[in-house]
1. How big is the Kirkwood radius of the stretch 29-145, worked out from every pair of different alpha carbons and given in Å to one decimal?
2. What area, in nm² and to one decimal, does the C-alpha convex hull of the stretch 5-85 cast on average over all directions?
3. Starting from the residue with the highest accessible area, list V52, V121 in decreasing order, probe 1.4 Å.
4. If you bin the C-alpha pair distances of the stretch 43-95 every 5 Å from 0, what whole percents do you get?
5. Report the convex hull volume per residue for the stretch 130-197, counting only C-alpha atoms, in Å³.
6. Calculate the dipole size of the stretch 5-85 relative to its Cα centre from +1 charges on Lys and Arg beta carbons and -1 charges on Asp and Glu beta carbons; express the result in debye to the nearest 20.
7. How much solvent-accessible surface does E227 expose, in Å² to the nearest 10, with a 1.4 Å probe and all protein chains in place?
8. Could you rank the peptides 153-161, 29-37, 3-11, 186-194 by their average count of other C-beta atoms within 10 Å per residue, with the highest value first?
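The values are calculated or read from the model by the stated rules, or taken from the named source; none is laboratory data. Here the structure is a predicted model, which means the values were calculated and not measured. Here the Cβ is made from the backbone with ideal geometry for all residues, glycine too, and neighbour counts use every protein chain on show. Each accessible area value is taken on the protein alone, full model and side chains, heavy atoms only, with ligands, DNA and RNA left out. Shrake-Rupley method; radii C 1.70, N 1.55, O 1.52, S 1.80 Å.
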Amino acid sequence: MSFTKGKLIYEGKAKKIFTVQENENLIVHEFKNSLTAFNGEKKGEMLGKSRVNQKISSLLYKYLQKNGVPTHFIETLSDTEILTYKLEMIALEVVVRNVAAGSLTKRLGVEEGQEISPPLVEFYLKDDALGDPFLSDAQAIMLKLGTEDDLEELKRKALMINQLLFEIFEDMGLRLVDFKLEFGRDKDKAIVLGDEISPDTCRLWDIVTGEKMDKDRFRLDLGSVEEGYKEVLNRIENVLEVDS
Ligand code: UDP
């Protein structure tokens, strides 16, 4: 596909988004090296994060697509850039939890590490100024983020993605504790998975040692942040590149 990267239309904490001059239905995502936590209060930089997260996310999106999950991903353009369909994003963070950690332990007093079965799907409002608050289904409907059917579809898709990801991470010796997804609508109004899946957006614990391999290393000052991300990429490449 021949195209020209156009103008910057959005810059978030982890990515820049550019238009594609020849096709208004496509966009380019450029991954950034910045690391942020606690709603942007804690900031850092990890040289090479853009490349590692691009590779992790692209391999996972190809795997999901191959297994029947519609995603925005089209192709990798460079070490740090991907081409995707342009979606009209739904302002929800869809979080899936298999094991208690993070905000759930703080809010509900559940002990970290407790298994959550069946897995939990939660909605948060994507709004930095409000600190991404938790939303009930009724509140999401009130805010016109979707109909009851849309929310059911988001939950169904999130649980299907969870099942697929949980299995391959298990093959890699990693426990998928929790993760965040963002969805949007394509030009035909179908709900499609957008954004990224990476150690920035997942909690991954080594099954044998219990070691945290994700952004919690940055959040909690555990050290060796880059090594954790690179180890996740190595394991994903070993499992997913053989059959791609
Ligand atoms: N998460 C994310 N972006 C957010 C909030 C959460 O990617 O703005 C991810 C986070 O990395 C974790 C999961 O969603 O894998 C659940 O996060 P939690 O609600 O525990 O919030 P946290 O305390 O981690 O911000």
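1. 16.8 Å
2. Values: hull surface 23.6 nm².
Orientation-averaged projected area of the Cα hull: 5.9 nm².
3. So the residues, ranked largest to smallest area, are V121, V52.
4. The distribution over the stretch 43-95 is 4, 16, 21, 23, 21, 11, 2, 0, given as percents.
5. 118 Å³
6. 280 debye
7. 110 Å²
8. Per-residue mean Cβ counts within 10 Å order the peptides as 29-37, 153-161, 186-194, 3-11.
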